[in-house]
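*Asks:* One structure, as structure tokens, below. Some questions next.
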Amino acid sequence: MSASTTDSTGSQRPRLGRDFPWLWCSAAVSSLGDGATIAAAPLLASRLTDDPRLIGAASVAFTAPFILFGIPAGLLVDRLDIRAMMVRVDLARAALLAVLTAGILGGWGGLPLLYVCMFLLGTGEVLCRNAAQVLVPFITPKDGLATANARIMAAQEAGAGFVGPLIGALLFGVAMALPFGVDAATFLCSAVLLSRIRRTRPVESGTDRTGVLSQMLAGARWLYGHHLLRSLALVSCLINLAGSAMLAVLVVHSGRVLHLGPFGYGVLLACQAVGAVLASRFAPALTQRLGREGALVATAALIATSETVLAAASSAYAAGAALAIFACGTVTWNVVVVVLRQTLVPQHLLGRANSVYRLVAWGGLPVGAAAGGILAAEVGTRAVFGAGAVVMAVVAAALLAGARRRWITRAEQNTERNTEQSAEQTPRPTGEV
């Protein structure tokens, strides 16, 4: 059966698999609630304190699990039923948000409870984001991976960055607990949708007798030995460091510099999502036109431009446009590097190698959030954006040097050559021609 279908215009579009709609709907629904929490959490923190460091600590709490639990999460993803695990984690996150909602309504929902809940929500995010990326290649044909990943990112950005923040900001104005209650309900819906997926990755029989530590480090050893993905992980860390610092102080910047209220802050986040949705729609075609090396250079340049505009402009309209540009760059980057990981990493190591990549890449998130809060408290929010622009300009220059060496094309050629050599060395069953 062909892996692609022909639409009414005669163009070929890849098939995504019969289970993909359930995964996509789950991502869309849960991201809608996440967007409400993304907008409401810093607003809640800003109601409880006016210290930018304590406000930024909520982002630190959410992102710290990516460093602490990244590698163990990869081993779990490689050893458990992915679908069942994602359902259980979504149910747990729904219960956690219900506790936070009750705490706010009861008057005992202060900063400590917010930090604990954000930390546990981040732990669930480590598991589910890794599991979803490992699940996609098992339910989607190879020629549909770029489109499938782009559509999931579009759903996540539209929910978490556009519709969700607007709803969250509005609901926060009605009642501080309401956005978190809505997020709890969306996780319940997500769990139901995930349970409808019929195909999942087979669970290994447990014949690997090596120790748990050795199994966890297998992905790290493989990633360290792969020059391309190792380098991309380090670059992703720098991108996330700059982006996390920016987002950690954005609520402070929107109030003190742009003079926006809670709803205006939600609109500002929505501008970011508009750019992300547009990028997810056109990123596969743009990547084909520029090549993957060229697309990565372009993304770094876009992010550097957005940080420069935020540092220099005092207009809310300019800030909204900058956030849209920032999202265009990050989504295009993600579409390219996620497909590379899904195609270059051996399937039996995908969860662990993916988690180690995330450990390195997302390790910049808590560091950036903490650094952004400290720098904003000492110098101001503009300095945070200016520092991010400098970092991304250096990244763009490094990527341009790699593009001239065509490092992605060479890595894929080496992978194909190694696969062919392994196939030739594998003994054939008796009677096989």
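*Asks:* Looking at (1) in a helix (DSSP H, G or I); (2) open to solvent by 20 Å² or more (accessible area, probe 1.4 Å); (3) among the hydrophobic types (A, V, I, L, M, F, W, C), which one does MET176 not meet, given that it meets all the others?
*Replies:* (1)
*Asks:* Follow-up question, since we're still on this one. Can you name the residue in the range 32-64 that is within 15 Å of the chain's Cα centre (by Cα) and closer than 23 Å to ALA276 by Cβ and is also most open to solvent (accessible area, probe 1.4 Å) among such residues?
*Replies:* Just the residues of the range 32-64 that are within 15 Å of the chain's Cα centre (by Cα), to begin with: 32, 34-35, 38, 59, 62-64.
Going one step further and asking which of them are closer than 23 Å to ALA276 by Cβ, we end up with 32, 34-35, 38, 59, 62-63.
On the way: LEU32: 62, ASP34: 33, GLY35: 0, ILE38: 81, SER59: 42, PHE62: 63, THR63: 12 Å².
Per the criteria, the residue is ILE38.
*Asks:* Taking the condition of being in a helix (DSSP H, G or I), open to solvent by 90 Å² or more (accessible area, probe 1.4 Å), over 21 Å from GLY368 (Cα atoms) and modelled with pLDDT of 65 or more, how many residues in the range 382-422 meet it?
*Replies:* 3
*Asks:* Let me ask another. From the list ALA245, ALA233, ALA160, exactly one residue is at pLDDT below 80, touching a helix residue (DSSP H, G or I) at 6+ places or on another chain (Cβ under 9 Å) and within 25 Å of VAL336 (Cα to Cα). Which is it? Walk me through it before giving the result.
*Replies:* On the way: ALA245 fails: at pLDDT below 80; ALA233 fails: at pLDDT below 80.
Result of the check over ALA245, ALA233, ALA160: ALA160.
*Asks:* Do we find a residue being touching a helix residue (DSSP H, G or I) at 6+ places or on another chain (Cβ under 6 Å), open to solvent by 50 Å² or more (accessible area, probe 1.4 Å), among the hydrophobic types (A, V, I, L, M, F, W, C) and at pLDDT 80 or above anywhere in the range 85-96?
*Replies:* yes
*Asks:* Does LEU228 qualify as being open to solvent by less than 10 Å² (accessible area, probe 1.4 Å), in contact (Cβ under 8 Å) with a residue 12 or more places away in the chain and under 26 Å from PRO346 (Cβ atoms)?
*Replies:* Working: open to solvent by less than 10 Å² (accessible area, probe 1.4 Å): yes; in contact (Cβ under 8 Å) with a residue 12 or more places away in the chain: yes; under 26 Å from PRO346 (Cβ atoms): yes.
Against the criterion (open to solvent by less than 10 Å² (accessible area, probe 1.4 Å), in contact (Cβ under 8 Å) with a residue 12 or more places away in the chain and under 26 Å from PRO346 (Cβ atoms)), LEU228 qualifies.
*Asks:* Right, next: Does ALA316 satisfy the condition of being open to solvent by less than 60 Å² (accessible area, probe 1.4 Å) and modelled with pLDDT under 85?
*Replies:* Details: open to solvent by less than 60 Å² (accessible area, probe 1.4 Å): yes; modelled with pLDDT under 85: no.
In short, no.
*Asks:* Select the helices (runs of 4 or more DSSP H) contained entirely in the range 309-380, then report the ones holding at least 2 residues which are under 21 Å from HIS227 (Cβ atoms) and under 13 Å from the mean Cα position of the chain (by Cα).
*Replies:* On the way: elements: 316-344, 350-361, 364-378.
Answer list for the range 309-380: 316-344, 350-361.
*Asks:* Taking the residues in the range 104-116 that are assigned to a helix (DSSP H, G or I) and without any contact (Cβ under 8 Å) to a residue 24 or more places away in the chain as candidates, determine which candidate is least open to solvent (accessible area, probe 1.4 Å).
*Replies:* Start the filter on the range 104-116 by keeping residues that are assigned to a helix (DSSP H, G or I), which leaves 104-106, 111-116.
Those left that are additionally without any contact (Cβ under 8 Å) to a residue 24 or more places away in the chain: 106, 112-113.
Numbers: GLY106: 52, PRO112: 95, LEU113: 34 Å².
Result: LEU113.
*Asks:* Here's something else I'd like to know. One residue is enough: does the range 128-151 have a residue meeting the conditions aromatic (Phe, Trp, Tyr) and either within 22 Å of GLY56 (Cα to Cα) or open to solvent by 50 Å² or more (accessible area, probe 1.4 Å) (or both)?
*Replies:* From the range 128-151, those aromatic (Phe, Trp, Tyr) are 138; that's our starting set.
Adding the requirement that they be either within 22 Å of GLY56 (Cα to Cα) or open to solvent by 50 Å² or more (accessible area, probe 1.4 Å) (or both) leaves none.
So far as the range 128-151 goes, no, none of its residues is aromatic (Phe, Trp, Tyr) and either within 22 Å of GLY56 (Cα to Cα) or open to solvent by 50 Å² or more (accessible area, probe 1.4 Å) (or both).
*Asks:* What are the residues in the range 358-374 that are at pLDDT 80 or above and open to solvent by 10 Å² or more (accessible area, probe 1.4 Å), if any? Show your work before the answer.
*Replies:* Taking the range 358-374 first, the residues at pLDDT 80 or above are 360-361, 364, 367-374.
Passing the criteria: VAL360, VAL367, ALA370, ALA371, ILE374.
*Asks:* Scan (1) among the polar types (S, T, N, Q); (2) modelled with pLDDT under 75; (3) open to solvent by less than 40 Å² (accessible area, probe 1.4 Å) for the single condition GLN425 breaks and write down its number.
*Replies:* So the condition that GLN425 fails would be (3).
*Asks:* Next question, about the same structure. Quick one: which of LEU228, LEU188 is in a helix (DSSP H, G or I), out of contact with any His (no Cβ under 7 Å at 6 or more places or on another chain) and either basic (Lys, Arg) or at pLDDT below 90 (or both)? I'd like the intermediate steps shown before the answer.
*Replies:* Values: LEU188 fails: either basic (Lys, Arg) or at pLDDT below 90 (or both).
One residue alone meets the criteria, LEU228.
*Asks:* Restricted to the range 233-285, and to residues that are in a loop (DSSP other than H, G, I, E, B) and aliphatic (A, V, I, L, M), which residue is surrounded by the fewest Cβ atoms within 10 Å (Cβ to Cβ)? If you could, list the steps in order and put the result at the bottom.
*Replies:* Quick first cut of the range 233-285, residues in a loop (DSSP other than H, G, I, E, B) only: 249, 257-261.
Adding the requirement that they be aliphatic (A, V, I, L, M) leaves 249, 257-258, 260.
Numbers: VAL249: 30, VAL257: 16, LEU258: 21, LEU260: 18.
Residue satisfying both the conditions and the ranking: VAL257.
*Asks:* Buried (at least 19 other Cβ atoms within 10 Å of the Cβ) and within 27 Å of LEU268 (Cα to Cα), is that true of PHE187? Explain how you work it out, then say what you get.
*Replies:* On the way: buried (at least 19 other Cβ atoms within 10 Å of the Cβ): yes; within 27 Å of LEU268 (Cα to Cα): yes.
So PHE187 fits the description; yes.
The values are calculated or read from the model by the stated rules, or taken from the named source; none is laboratory data. Worth saying up front: this structure is predicted, and the values here are computed from it rather than measured. Note that each Cβ is placed from the backbone with ideal geometry, even for glycine, and that neighbours are counted across all protein chains shown. Heavy atoms of the whole protein, side chains included, go into the accessibility calculation; ligands, DNA and RNA do not. Shrake-Rupley method; radii C 1.70, N 1.55, O 1.52, S 1.80 Å.
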